[in-house]
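Structure, as C-alpha cells:
All of the numbers you see were taken from the coordinates with simple rules; none came from a lab. Keep in mind that what you see is a predicted model, and the values were worked out from it rather than measured. All Cβ positions, even for glycine, are placed from backbone atoms using ideal geometry, and neighbour counts span all protein chains on display.
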Amino acid sequence: MTGPRHDPDLIRPYVRTGGRNRPSRDVRLETVVIAASGPTGTLAPDARRVMRLFAGGRGGLAVADIAAALELPPSTVRIIVSALMDSGHLSSPVPVQEGRPGLDLLQEVLRGLRELV
C-alpha cells in the first residue's frame, strides 16, 4: 500500500505564498515581467515553477499568462511574482504606472466617443 497522495490543487494559497495575503507591490494581471539572472535553488516550489517558465531565454510574460500556465489563482501568482520582484529574480521592463494615459486624456476620449453616438 502506498502513502497518501499529494494533490497540488489542495494546497491553500497562503501556504503557496509563505503566509502573505497580498502583493508587496502593485503587480496587476497585465504586468509584464522578465527574468533576471540568479540562483533559484533556494526559492519556494511555486516560485521555482514561475522561474522555469522563463527557461531558454523566453521573453516577458504577463502575470495572467503565468497564472494560466501554472494553473494557479491569479491572486496567488500576483503575490509570488511580487516576491520574486522583491528578491530581484523578476523585473518589469516598464513600471506599472508609466505609459498609462492620464485621467484628462481618458475623459477627452470619452467625450469624443459620446459625440460619435
_Looking at the range 28-49, I want the residues that are at negative phi and have a partner that is among the aromatic types (Phe, Trp, Tyr) and in a loop (DSSP other than H, G, I, E, B) with Cβ atoms under 9 Å, at least 6 apart or on another chain. Which pairs are those?_
Val33/Phe54; Ile34/Phe54; Ala35/Phe54
*Among residues belonging to the range 42-79 that are closer than 21 Å to Arg22 by Cα and among the basic types (Lys, Arg), point out the one that is surrounded by the fewest Cβ atoms within 10 Å (Cβ to Cβ).*
Arg48
*For the range 17-41, name all the residues that are surrounded by 14 or more Cβ atoms within 10 Å (Cβ to Cβ) and outside any loop (DSSP other than H, G, I, E, B).*
Val32, Val33, Ala35
